[in-house]
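The block underneath contains the structure these notes are about, expressed in structure tokens.
The values are calculated or read from the model by the stated rules, or taken from the named source; none is laboratory data. Being a predicted model, the structure only gives us computed values, none of them experimental. Glycine gets a Cβ as well: all are built from the backbone with ideal geometry, and neighbour counts include every protein chain shown.
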Amino acid sequence: MKMIMHKQALLTRAEAFAPLAQTILSPDFDNIWVIAHCRPDEDCTGSSHGLAYMLKKLGKNAAVYCADAFEAKYDSILSPLNLPNRDNFAPCHFIAVDIASTELLGKNFPYTDSIDMVFDHHLKNTVEAKQKLVISDAAACGEIILTLGLVLHIEMDAPLAHCLYTAIAGDTGCFRFSNTTHLTHLAAAYLYSYSDPESFARLNRIYFEEKTKSRLRVEGYVLTHTGYYKDGKIGFVGLTKEEKDALTSRESDFDQLANLAKQCSDTEVGIVLHTLADGSHKLSARSNSYFDCASFCARLGGGGHFKAAGSTLWGEFSFLKNQIIDTAVELMEKYQRDGIA
Ligand SMILES: [Mn+2]
């Protein structure tokens, strides 16, 4: 009875899925690459593999494409899916998942103009495709893929539940962020009924607790080097290529650092700038309540969500650092003038 209620609630968005589901079910729609964005996170990893697995259940040839490798922490959810390698067949159709803009397809992606379908939850999705479904109040793309599975009458099982749970837990910071809604919890409750609590607890431990020694070194650096501005409301930390190299060579150890730069109880927004191997600089901003990270990053050539946004910048590090801090301070002063901050 409870599961039926959850299923019905999860189908409240179902109408919008019909045209895309119809395309997917067409026999001509086969040999599909499901594309995850470069530098894949939990949401796009779980959503893309979950969707490819669903397509496999429909008897289709489907594989996941990603410009970058998936981290070892995903092995336990990905290997039970037994998906074919993308090099095993020539792709005819392309579905982009959790990809807000074409740059996220990765450099040298040869099929940018051939995207058939987009499933996403980023408000400003600029990927061109024949069919698009963007549900911006979905906390994770995993919620959208779950509903797609229900619309397509895909049989849920533990491997699929683990994939979609990974996606949803990932983008909500394990159900802590304010993008988490009652539908997010219903989706999780639905997925929980297809596996055991121990498995989900293990995934939570892997994604949210376990850290490598090198990651702990990076976190230690961020916590001790964050500079505070505007009465501590802005936390900023920058890591040049040299500073990063002294800590670790693993690029993934530098993901999601902006949350650490706002851990101080006075701090509204955490901002991180660090240099990537190609010489570009990655800017990330995460806020607690009123600081609009999307418009902040838009002023610096990027974009994203209200409380989580980013940009890729080119130029001299210290010049960019000053520009970023000035922009954040300017915005914070506006919030103070408006009585928001
Ligand atoms: Mn996402």
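For residues that are under 12 Å from Lys7 (Cα atoms) and either touching a residue at least 24 places away in the same chain (Cβ under 8 Å) or within 15 Å of the ligand (Cβ to nearest atom) (or both), scanning just the range 149-173, find the one that is surrounded by the fewest Cβ atoms within 10 Å (Cβ to Cβ).
It comes out as Leu150.
Go through (1) at pLDDT 95 or above; (2) in contact with a helix residue (DSSP H, G or I) (Cβ under 9 Å, 6 or more places away or on another chain); (3) outside any strand (DSSP E or B) for His153 and report which single condition fails.
For His153, the exception is condition (2).
Would you check which residues across the range 192-223 are of a type in the set (Phe, Trp, Tyr) and in a loop (DSSP other than H, G, I, E, B) and list them?
The one that is of a type in the set (Phe, Trp, Tyr) and in a loop (DSSP other than H, G, I, E, B): Tyr194.
Out of the residues in the range 105-120 that are assigned to a loop (DSSP other than H, G, I, E, B) and in contact with a strand residue (DSSP E or B) (Cβ under 7 Å, 6 or more places away or on another chain), which is surrounded by the fewest Cβ atoms within 10 Å (Cβ to Cβ)?
Tyr111
Test Ile271 against the criterion of being in contact (Cβ under 8 Å) with a residue 60 or more places away in the chain and out of contact with any Lys or Arg (no Cβ under 6 Å at 6 or more places or on another chain), and give yes or no.
Judged against the criteria, Ile271 is not a match.
Does Ala309 satisfy the criteria of being crowded, with 19+ Cβ neighbours inside 10 Å, free of Cβ contacts under 8 Å to residues at least 40 places away in the same chain, among the aliphatic types (A, V, I, L, M) and over 22 Å from Asp98 (Cα atoms)?
no
Considering only residues that are touching a Leu at 6+ places or on another chain (Cβ under 8 Å), within 12 Å of the ligand (Cβ to nearest atom) and either touching a residue at least 24 places away in the same chain (Cβ under 8 Å) or over 21 Å from His182 (Cβ atoms) (or both), which ones fall in the range 120-137?
Asp120
So which pairs qualify, if the first residue must be in the range 174-196 and without any contact (Cβ under 8 Å) to a residue 60 or more places away in the chain and surrounded by 15 or more Cβ atoms within 10 Å (Cβ to Cβ), the second must be in a loop (DSSP other than H, G, I, E, B) and not β-branched (Val, Ile, Thr), the Cβ gap must be under 6 Å, and the two must be at least 6 apart or on different chains?
Thr180/Ala139; Thr184/Ala139; Tyr194/Met156
Could you tell me whether Asp278 is farther than 28 Å from Ser136 by Cα and either exposed (fewer than 15 other Cβ atoms within 10 Å of the Cβ) or in contact with a Phe, Trp or Tyr (Cβ under 7 Å, 6 or more places away or on another chain) (or both)?
Yes.
Can you name the number of the only condition in (1) under 21 Å from His122 (Cβ atoms); (2) in a helix (DSSP H, G or I) that Phe177 fails?
For Phe177, the failing item is (2).
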